[in-house]
1. Answer rounded, prolate or oblate for the chain, using the Cα gyration tensor with square roots of eigenvalues a ≥ b ≥ c: rounded when a/c is under 1.5, else prolate when a/b is larger than b/c, else oblate.
2. Angle check, please: helix 13-29 long axis (alpha carbons) against the longest principal axis of the chain (alpha carbons), in degrees 0 to 90, nearest 10.
3. Out of SER40, GLY30, ALA20, whose Cα points farthest toward the positive end of the dipole of the range 15-56 (charges: +1 Lys, Arg; -1 Asp, Glu; placed on Cβ)?
4. Work out the length of the dipole vector of the chain about its Cα centre, built from +1 on the beta-carbon of each Lys and Arg and -1 on the beta-carbon of each Asp and Glu, and round it to the nearest 20 debye.
5. Looking only at PRO42, PRO32, PRO53, which one moves most when the chain is put into a Gaussian network model with springs between Cα atoms under 10 Å?
6. Which whole-number percentage describes the relative contact order of the chain, with Cα contacts under 8 Å and a sequence gap of 6 or more?
7. Among residues other than VAL4 whose Cβ falls under 9 Å from its Cβ, what is the net charge (Lys/Arg +1, Asp/Glu -1)?
8. Please list, in chain and number order, the residues 5+ apart from ASP63 or on another chain whose amide H is under 5 Å from its amide H, with Hs placed from the backbone.
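Where a number appears in this text, it was derived from the coordinates with a stated rule and is not lab data. The structure displayed is predicted, hence computed values, not measured ones. So basically every Cβ, Gly included, is an ideal-geometry build from the backbone, and we count neighbours across all protein chains shown.
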Amino acid sequence: MHRVTLLGKPGCHLCEDARAVIARVAGELGVPWEEVDINSSPELLEKYWEMIPVTLVDGVQHDFWRVSEDRLRTALSAAGPPSPPAR
């Protein structure tokens, strides 16, 4: 199963737009998602402060600044990441 993470910060109008798109698409597809404030981590703040909002799908950067509803839907409709090999 996929998982979406929205990296943003309070007061960011683009983050509000991204949140609405992610909530709609993830809700329709039954995909869990979370929002992380980049101010909560010096590493996130340093890496993403000029790019927010940033959307991660399965921990991999998918979009920044704007979230494409069609592109997100396509990514979340695809098969999930491969399972680790059995030992």
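1. It comes out oblate by the Cα gyration axes.
2. 20
3. GLY30
4. Approximately 280 debye in magnitude.
5. The residue with the greatest mean-square fluctuation here is PRO42.
6. 39
7. Cβ neighbours under 9 Å give a net charge of -1.
8. Amide H neighbours of ASP63: THR55.
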